[in-house]
Amino acid sequence: MKNTKNKILKIFAGLIAIILIGGILFITNAFLGNPISARIADETIKQYIKENYSYLDLELEKPIYNFKDGSYVVNARSKSSIDTKFGIHYRNGSIGYDSYEMRVLGMFNTLDRLSDEYSAVAKRIIDKELEYEIKNTRVIYDKSIYENGNNALELDMKFDKSLPIAAEVNIRTNILDTSMEDIAKFLTDAHKAFINNGCYFKKYELSAENDGIVVMVNGVTPEDIESDDLVNLLQKAKDYEDDTVVEKGNKKKDYEERITVFIKDNNSRNE
């Protein structure tokens with residue numbers, strides 16, 4: 001009787017172990033895919049590259065599983081072209097699509113790289129010439145170029161600050177004084193530093209978070225900064241935001257302020 005009981009317990013323990021292992025494999029397969037499918041995807045994508053892009057001299061990375069849609073993605077990049085890189089998507093036994101036309105021919109990679117290079121230049125200028133702790137400086141080119149086209153872009157082109165494409169800059173810093181005067185001074189100093197170094201932006205954005213105080217300023221133009229009325233413009237924008245918050249769910253006014261100023265002191269909730 002005792003031996004029979006022990007056998008039942010062993011069988012039961014074995015079943016639990018099998019269920020646990022099966023559950024782990026199921027979860028792993030759901031989030032990471034399985035080696036067999038990954039290998040099939042890899043071989044299929046390699047054949048696809050050979051048939052469609054053999055002239056590009058590409059290097060292929062290992063397949064990455066996307067658990068959201070069950071697809072595998074292989075990233076390809078050229079050995080000789082910095083801007084030639086794109087993804088090939090495999091799902092349900094066949095190639096779904098690749099992003100070559102959008103990322104390479106559409107100059108998305110080129111503009112993204114130029115934006116990174118311009119951001120590095122802008123960051124060095126701000127770090128050197130402004131007496132503030134700068135967290136990050138990001139330059140973003142106008143995305144309308146994808147819709148309207150622009151002959152200024154060429155694959156693998158060198159970065160040039162004078163590129164005839166509108167750009168805006170976002171600066172993240174720590175601002176202890178959140179007065180409109182201090183914000184205006186920061187934007188004015190940044191604008192002067194950029195102009196003196198041959199950098200021209202159509203818009204300025206400023207964001208900061210320090211000791212529970214959040215500051216966000218958007219839509220400031222060079223004309224605003226050079227108008228000698230920036231403090232007043234910022235104050236009007238802040239008052240507009242404050243009035244909107246007070247309305248609490250009522251419809252916003254029929255117009256939108258071009259400049260937005262948002263300041264929130266999270267510490268005030270604890271007082």
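The values are calculated or read from the model by the stated rules, or taken from the named source; none is laboratory data. Predicted model only: the values in this text are computed from it and were never measured. As a convention, Cβ positions derive from the backbone with ideal geometry for all residues, glycine included, and neighbour counts pool all protein chains shown. These area figures cover heavy atoms from the full protein model, side chains too; ligands, DNA and RNA do not enter into them. Shrake-Rupley method; radii C 1.70, N 1.55, O 1.52, S 1.80 Å.
If you check every pair at least six apart or on different chains, which have Cβ atoms under 7 Å apart with a residue in region 150-163 that is under 20 Å from residue 121 (Cα atoms) first and a residue that is of a type in the set (Gly, Ala, Ser) and surrounded by fewer than 15 Cβ atoms within 10 Å (Cβ to Cβ) second?
Correct list of pairs: 161/198; 163/152.
Can you tell me which residue among 238, 202 is open to solvent by 60 Å² or more (accessible area, probe 1.4 Å) and either at pLDDT 90 or above or of a type in the set (Lys, Arg) (or both)?
202
Just give me the residues in region 71-97 being surrounded by 11 or more Cβ atoms within 10 Å (Cβ to Cβ), farther than 17 Å from residue 155 by Cβ and touching a residue at least 24 places away in the same chain (Cβ under 8 Å), in sequence order.
Within region 71-97, 71, 72, 74, 88, 90, 95, 96 meet the criteria.
Scan region 127-145 and report the pairs whose first residue is closer than 11 Å to residue 168 by Cα and touching a residue at least 40 places away in the same chain (Cβ under 8 Å) and whose second residue is in a loop (DSSP other than H, G, I, E, B) and open to solvent by less than 70 Å² (accessible area, probe 1.4 Å), with Cβ atoms within less than 6 Å and a gap of 6+ or a chain change.
Once the first residue is closer than 11 Å to residue 168 by Cα and touching a residue at least 40 places away in the same chain (Cβ under 8 Å) and sits in region 127-145, its partners that are in a loop (DSSP other than H, G, I, E, B) and open to solvent by less than 70 Å² (accessible area, probe 1.4 Å) give 142/166.
Kindly indicate whether residue 163 is surrounded by fewer than 15 Cβ atoms within 10 Å (Cβ to Cβ), aliphatic (A, V, I, L, M) and either in contact with a helix residue (DSSP H, G or I) (Cβ under 6 Å, 6 or more places away or on another chain) or not in a strand (DSSP E or B) (or both).
No, not satisfied.
Being under 15 Å from residue 171 (Cβ atoms) and among the aromatic types (Phe, Trp, Tyr) is the filter here; which residues of region 194-225 pass it?
Answer for region 194-225, where residues must be under 15 Å from residue 171 (Cβ atoms) and among the aromatic types (Phe, Trp, Tyr): 194, 201, 204.
Any residue in region 131-144 that is assigned to a helix (DSSP H, G or I), out of contact with any Leu (no Cβ under 6 Å at 6 or more places or on another chain) and open to solvent by less than 50 Å² (accessible area, probe 1.4 Å)?
Taking every residue of region 131-144 in turn, none turns out to be assigned to a helix (DSSP H, G or I), out of contact with any Leu (no Cβ under 6 Å at 6 or more places or on another chain) and open to solvent by less than 50 Å² (accessible area, probe 1.4 Å).
For region 94-104, how many residues are touching a Ser or Thr at 6+ places or on another chain (Cβ under 8 Å) and either of a type outside the set (A, V, I, L, M) or within 14 Å of residue 42 (Cβ to Cβ) (or both)?
3
Given the conditions (1) over 30 Å from residue 182 (Cβ atoms); (2) outside any strand (DSSP E or B); (3) not hydroxyl-bearing (Ser, Thr, Tyr), and given that residue 123 satisfies all but one, which numbered condition is not satisfied?
Condition (1) is where residue 123 drops out.
Look at region 43-71 and say how many of its residues are within 13 Å of residue 96 (Cα to Cα), at pLDDT 95 or above and not in a helix (DSSP H, G or I).
So the answer is 0.
How many residues, within region 104-130, are open to solvent by less than 60 Å² (accessible area, probe 1.4 Å) and under 25 Å from residue 208 (Cβ atoms)?
Of the residues in region 104-130, 10 are open to solvent by less than 60 Å² (accessible area, probe 1.4 Å) and under 25 Å from residue 208 (Cβ atoms).
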